[in-house]
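The structure under discussion is supplied below as structure tokens; questions concerning it will follow.
The values are calculated or read from the model by the stated rules, or taken from the named source; none is laboratory data. Here the structure is a predicted model, which is why all the values come from computation and not from measurement. Every residue, glycine among them, receives a Cβ derived from its backbone with ideal geometry; neighbour counts consider all protein chains shown. Side chains included, ligands, DNA and RNA excluded: accessible areas come from the protein's heavy atoms. Shrake-Rupley method; radii C 1.70, N 1.55, O 1.52, S 1.80 Å.
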Amino acid sequence: MQSYKLNNGVEGFEFGTPIDTGALLEKGTPEKIDFKEKMAVGKITTLEFELLPKDRIYGLGEHLGSMNRRGKRLRSYCRDEANHTEDKNELYGAHNFFVHVKEQEQTGFFIDFPGEVVYDTGFQDDKRFTIEIHGKDFRLIKIPGNSIEEIVSRFLQVAGKAYIPPKWAFGYFQSRWGYKDVAEINGVYERFQQEDLPLDGIYLDLDYMEDFKNFTVSRQRFPKFKEFVAKLKRDGVYLVPIIDAGVKIEPDYDIYEEGLAGNHFCLNAQGNPYVAAVWPGKVHFPDFLQSKTRKWFGEKYQFLTDLGIEGVWNDMNEPAIFYDEKNLEEAVDLASDCRGKNLNVHKFFELKDTFANLLNDEDYHQRFYHRIQGKKHPHREVHNLYGDYMTRAANYGLQKHLNKRFLLISRASSIGMHRYGGIWTGDNASWWSHLEENIRMMPSINMCGFYYIGADTGGFGGQCSGELLTRWLQFSAFTPLLRNHSALDTRPQEPYAFSQEVLENTRSILKGRYRLIPYLYSTYMKAVEEYQLFFKPLAFDYGEGYQEIEDQLFIGEEIMLAPIHKKNQSQRLVDLPEKMARITLTDQETEMSLAPAGPQKLSYDLDHLRFFLRENKMIPLGKSAKNVSKLSMKKLEVLAYITNQGEHVFYDDDGISLGNKEKNLMKIRIKSREDFYDIEVKNPHKELETIDFKIINDNGRIQKISYRVKT
Ligand code: GLC
């Protein structure tokens with residue numbers, strides 16, 4: 001074992017000869033440090049911690065269930081999991097960072113390993129936390145800290161700054177698997193205009209392609225595509241097409257031919273390109289672990305940028321596999337053996353399961369190989385890097401050809417990819433429980449370095465109701481990535497697909513979101529820059545009593561959310577860890593009142609946004625607009641709850657240049673005097689003319705002050 005000292009007291013340990021995953025920016029300087037944890041290195045390495053009754057575990061990124069991960073079995077092995085039921089142990093991401101919180105101290109760990117890792121956080125034995133690392137070559141870092149937040153911040157410093165999307169990526173996006181042609185997409189765009197619904201873009205699912213071939217556009221269904229992209233962009237609306245991991249096997253298809261000629265595909269045991277099947281039928285998988293393949297595939301995104309595209313979603317990159325030739329043949333053989341037979345229970349279930357298990361059978365992962373610096377590795381060993389490295393390839397190409405910021409999200413991910421793109425949480429369903437999952441999952445993913453995150457609002461699978469969409473939007477209005485996406489053959493889910501009342505309510509919520517964008521963008525940029533969390537559980541700031549509250553959370557330092565996530569409820573219980581100001585926000589209105597600390601009922605109608613503002617904090621609001629390009633900074637409204645004094649740094653920049661060009665940090669300070677407030681605005685935003693302050697004090701008295709920045 002070798003050990004290293006990293007910044008901020010972080011300790012690094014290297015066991016065997018690990019693959020360089022590129023997860024961390026820093027390796028550290030060699031220094032002799034003892035490794036004190038209980039560990040048995042072998043084919044499967046086990047790490048063991050004692051669990052005391054009050055211990056808690058946070059992190060591990062994209063997983064279902066509680067924020068406190070205790071008492072579960074969670075597997076870090078990227079999986080195309082189409083059905084997010086409570087018993088599922090893995091989803092699309094593999095995020096091996098967690099903080100073990102004990103009564104007196106807390107420690108963070110990151111396991112830098114590209115294969116399977118299984119966490120038993122007290123499921124088998126509630127007194128033991130065991131980690132199985134499926135290999136003996138890995139790195140591990142150990143992060144001390146005086147608080148959970150400090151540990152997370154130190155981790156983020158060694159993992160590197162998160163991906164920064166353009167400002168327009170903070171708008172509202174409509175998506176649906178099933179928009180079949182340009183007329184339908186244009187219809188969505190026009191309907192948003194007619195209904196006065198804000199919109200920054202429409203995602204294009206796989207139907208825009210020719211026969212599901214990456215880097216093609218169907219000429220028949222999307223004629224004059226470039227002109228269409230330009231027309232929408234002139235109005236500030238972006239199209240965001242999908243790219244899937246598999247490359248269709250089809251002679252004369254340029255990507256396939258180039259991939260073969262350039263030796264870019266993953267190989268089978270015989271050294272030939274491995275064949276699996278996904279949307280287009282048989283495909284080869286680019287070997288993204290080869291740097292030359294990342295460059296080659298990354299360059300292909302130029303096909304899209306040449307058409308005016310500035311955002312992409314990478315999908316099916318765990319990689320998802322419908323079947324491979326061997327398993328399909330065995331299944332078909334079994335089925336023909338069964339023909340005409342009287343199947344007993346065992347045979348019938350064998351037949352049924354054999355077909356069901358074709359989808360994403362992990363045996364496939366033993367049958368194809370990657371080459372990393374010339375060395376062959378079975379896919380299984382490096383599985384969790386696949387989607388990550390596909391996204392690095394896309395980032396390379398998009399950056400090279402756009403030379404500005406772009407929207408990039410991926411379904412599969414591992415830590416390290418957070419520097420290259422965001423993630424959405426995959427194929428959830430239109431279930432109330434999945435709205436709650438969304439709330440709980442955001443901080444855990446954020447802790448692992450990802451900031452541009454969100455779920456399919458309204459739910460991907462299943463049938464969404466107007467009420468569910470409305471309530472979901474009331475939460476997603478605060479997530480950096482805000483996309484309404486639904487699956488083929490489900491009930492239409494656009495805000496106008498329900499009743500007039502749903503349309504009016506969702507319009508009001510979306511306009512509220514656009515009023516919040518200056519604040520959300522500023523908070524995002526500051527959080528990334530300063531290695532702070534965008535989403536924070538109550539448990540990180542408050543002790544016993546608040547540790548178990550997982551359906552309320554903080555956004556930045558200012559806001560606490562308490563979304564409704566149950567059906568037929570117009571109110572819910574909220575427990576305030578401190579007194580706060582209660583804010584109600586619609587398109588035009590803002591209301592403020594005081595809320596005492598402690599448990600209380602919060603009524604929450606369907607047509608507004610309701611949240612809490614912490615003491616001596618303030619938030620700037622803009623004016624809503626039909627999309628981000630039309631947001632104006634001339635006039636801001638600042639809502640503040642001041643009992644003594646508060647200071648707010650408001651970040652803004654041009655929202656598109658790489659390297660935060662033209663960044664502006666405006667400092668607003670409010671100091672309470674007996675009967676009035678001292679207001680100071682330093683370094684005002686160059687467009688700003690007036691700020692309308694609305695300040696509430698401890699007696700609930702509101703003062704409105706109009707502050708002219710330019711006279
Ligand atoms: C996958 C994606 C989903 C997409 C579908 C069709 O299931 O997760 O978002 O709509 O594929 O491309």
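Compute, for K376, the solvent-accessible surface of its heavy atoms (probe 1.4 Å) with the complete set of protein chains present, and express it in square angstrom to the nearest 10.
Near enough 110 Å² of accessible area.
Report the equivalent ellipsoid semi-axes for the chain in whole Å, largest first, defined as the square roots of five times the eigenvalues of the gyration tensor built from alpha carbon atoms.
Values: eigenvalues 335, 199, 125 Å².
For the chain, the ellipsoid semi-axes come out as 41, 32, 25 Å.
Which lysines, on any chain, are close to K38 with Cα under 26 Å apart, when same-chain ones fewer than 8 places away are left out?
Reachable lysines: K5, K27, K54, K72, K102, K127, K136, K142.
Under 13 Å from a label point 7 Å along Cα→Cβ of R572: give me every residue in the stretch 514-552 with its amide N that close.
Hits in the stretch 514-552 for R572 at 13 Å: 549-552.
Residues with beta-carbon under 9 Å from that of K248, excluding K248: net charge, scoring Lys, Arg +1 and Asp, Glu -1? Don't skip to the end; give the middle numbers.
Numbers: positive: K213, K282; negative: D211, E250.
Result for the neighbourhood of K248: 0.
Additional query: In what sequence, highest mean first, do 137-144, 398-405, 599-606, 330-337 appear when ranked by Cβ atoms within 10 angstrom? Before the final figure, lay out each step's value.
Numbers: 137-144: 21.8, 398-405: 17.8, 599-606: 14.6, 330-337: 12.4.
Taking the mean over residues of other Cβ atoms within 10 Å, the ranking is 137-144, 398-405, 599-606, 330-337.
Per residue, how much accessible surface does the chain expose to a 1.4 Å probe? Answer in Å², no decimals. Display every interim value, and only then the final one.
Details: 27100 Å² over 711 residues.
Spelled out: the 1.4 Å probe surface of the chain, per residue, equals 38 Å².
Can you list the chymotrypsin sites (Phe, Trp or Tyr not before Pro) in the stretch 616-695 that are in a DSSP coil and have 15 or fewer other beta carbons within 10 angstrom?
Working: sites: Y641, F650, Y651, F676, Y677, F693; in loops: F676.
Listed in order of number, the matching sites are F676.
Could you tell me what percent of the accessible area of the chain is made up of carbon and sulfur, with a 1.4 Å probe and every protein chain present?
On the way: 12490 of 27100 Å².
Ligands and nucleic acids excluded, carbon and sulfur reach 46 percent.
Also, I was wondering about something else. Just for the chain, what percent of DSSP beta bridges are antiparallel, to the closest 5?
Here the share of antiparallel DSSP bridges comes out near 75 percent.
Oh, and also: How much length is gained on full extension from K404 to D678, taking 0.36 nm per residue of separation minus their Cα-Cα distance?
Values: separation 274, 0.36 × 274 = 98.64 nm, distance 4.00 nm.
Residue separation times 0.36 nm, minus the Cα-Cα distance, leaves 94.6 nm.
If one computes the Cα centroid of the stretch 334-368 and of the stretch 397-451, what distance in Å separates the two points?
Cα centroid of the stretch 334-368 versus Cα centroid of the stretch 397-451: 35 Å apart.
Sum up the charges of everything whose Cβ sits under 14 Å from the Cβ of K341, counting Lys and Arg as +1 and Asp and Glu as -1, but leave K341 out.
Working: positive: R339, K347; negative: D333, D337, E350.
Charge balance in the 14 Å sphere: -1.
Further, regarding this structure: Take the alpha carbon atoms of the stretch 597-667, find their center, do the same for the stretch 48-62, and report the distance between the two centers in whole angstrom.
So the two Cα centres are separated by 34 Å.
Tell me, what is the Rg over Rh of the stretch 2-159, with Rh the Kirkwood radius over Cα pairs? Show your work: numbers first, answer last.
On the way: Rg = 15.0 Å, Rh = 15.9 Å.
When Rh is taken as the Kirkwood radius, the ratio is 0.94.
Follow-up question, since we're still on this one. Which residues among the stretch 611-646 fall inside the zone where the amide N is under 11 Å from a point 7 Å beyond the Cα of K710, along Cα→Cβ?
633-635, by backbone N distance to the label point.
Provide, for q = 0.09 Å⁻¹, the log10 of I(q)/I(0) from a solvent-free Debye sum over equal Cα point scatterers in the stretch 476-615.
Debye curve over Cα of the stretch 476-615, log10 I(q)/I(0) at q = 0.09 Å⁻¹: -0.30.
What whole number of Å gives the distance from the Cα centroid of the stretch 125-143 to the Cα centroid of the stretch 453-516?
After rounding, the separation between the Cα centres reads 39 Å.
Can you run phi through the Karplus equation (6.51, -1.76, 1.60; θ = phi - 60°) for the stretch 667-673 and list ³J(HN,Hα) in whole Hz, with x for Gly and Pro?
9, 10, 10, 10, 10, 8, 9
Same structure, new question: Label points 7 Å out from Cα along the Cβ direction at K32 and E544: separation in nm?
Each label point lies 7 Å from its Cα, and together they span 4.3 nm.
Straight-line reach only, C-alpha to C-alpha below 22 angstrom: list the lysines that K352 could link to, leaving out same-chain residues fewer than 8 apart.
K88, K326, K341
Name the lysines eligible as straight-distance cross-link partners of K682: C-alpha to C-alpha under 22 Å, and not fewer than 8 places from it in the same chain.
K526, K617, K623, K634, K635, K661, K663, K667, K671, K694, K704, K710
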